[in-house]
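Colleague: Got a structure here, written out as structure tokens. Questions coming.
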Amino acid sequence: MELYIQDKKFIGNIENIMPSESSIYQLPTIPFMDNGNHVMSKYGFYDHYKNFIGYIFSKKLKWSYGAEIGRVENEWYKKVNEMDTHNLLNEIYYAGFYGLYIDKGLIGNEELADKIEEDLKDILKQEPLAHENGSIIFFDLTNFKTDKEYKPIINDYK
């Protein structure tokens with residue numbers, strides 16, 4: 001019950017700072033309906049279902065989690081997730097994502113997760129909004145300025 005309350009509060013805090021109908025990019029990307037490699041988390045449910053908390057508690061935001069295996073979108077997510085932090089920001093911003101939600105626990109590499117967080121703090125000049133459990137962080141990208149010379153992977157973003 002405590003985690004439920006913490007999740008609800010965290011998503012509520014995100015909704016309070018983001019414009020209505022904003023799209024939120026979730027990192028890491030975990031394909032929905034994966035191949036059956038389920039790992040039970042310390043919270044008592046399958047880790048890949050942790051990305052559903054945005055959907056469960058949000059009323060006015062859009063979330064990236066849920067692209068099914070075999071869909072072309074998953075190839076884009078895979079390429080984006082392999083980018084360095086600055087190019088990842090450029091790509092997701094061009095694609096219309098104005099928030100970045102990161103579950104550091106799902107990244108699976110604490111050193112990498114900490115590096116991504118430090119890179120983001122340096123680039124965005126902001127501290128993330130943090131979940132009480134310390135594992136999930138959120139960055140508001142509404143004031144991010146993309147690099148004018150950056151060429152998105154998909155060139156027809158609207």
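The values are calculated or read from the model by the stated rules, or taken from the named source; none is laboratory data. Just so it is clear, the model here is predicted, and its values are computed rather than measured. Don't worry about glycine lacking a Cβ; one is built from the backbone with ideal geometry, like all the others, and counts go over all protein chains shown. We work out accessible area using only protein heavy atoms, side chains counted, and drop any ligands, DNA or RNA first. Shrake-Rupley method; radii C 1.70, N 1.55, O 1.52, S 1.80 Å.
Colleague: Return yes or no: is Thr142 more than 19 Å from Phe52 (Cβ to Cβ), in a loop (DSSP other than H, G, I, E, B) and within 15 Å of the chain's Cα centre (by Cα)?
Modeller: Judged against the criteria, Thr142 is a match.
Colleague: Looking at the range 77-92, I want the residues that are within 16 Å of Glu118 (Cα to Cα) and of a type in the set (S, T, N, Q) and have a partner that is part of a loop (DSSP other than H, G, I, E, B) and open to solvent by 20 Å² or more (accessible area, probe 1.4 Å) with Cβ atoms under 9 Å, at least 6 apart or on another chain. Which pairs are those?
Modeller: Asn87/Asp147; Asn87/Tyr150
Colleague: Keeping to the range 61-111, report how many residues are among the hydrophobic types (A, V, I, L, M, F, W, C), surrounded by 17 or more Cβ atoms within 10 Å (Cβ to Cβ) and more than 25 Å from Tyr150 (Cα to Cα).
Modeller: Residues flagged as among the hydrophobic types (A, V, I, L, M, F, W, C), surrounded by 17 or more Cβ atoms within 10 Å (Cβ to Cβ) and more than 25 Å from Tyr150 (Cα to Cα) within the range 61-111 amount to 4.
Colleague: If you go through the range 48-88, how many residues are assigned to a helix (DSSP H, G or I), of a type in the set (Lys, Arg) and in contact with a strand residue (DSSP E or B) (Cβ under 8 Å, 6 or more places away or on another chain)? Walk me through how you get there before you give the answer.
Modeller: So the first thing to find is which residues in the range 48-88 are assigned to a helix (DSSP H, G or I), and the list is 48-57, 72-81, 85-88.
From what's left, of a type in the set (Lys, Arg): 50, 78-79.
Now drop any that are not in contact with a strand residue (DSSP E or B) (Cβ under 8 Å, 6 or more places away or on another chain), which leaves 50.
Residues meeting the conditions: 1.
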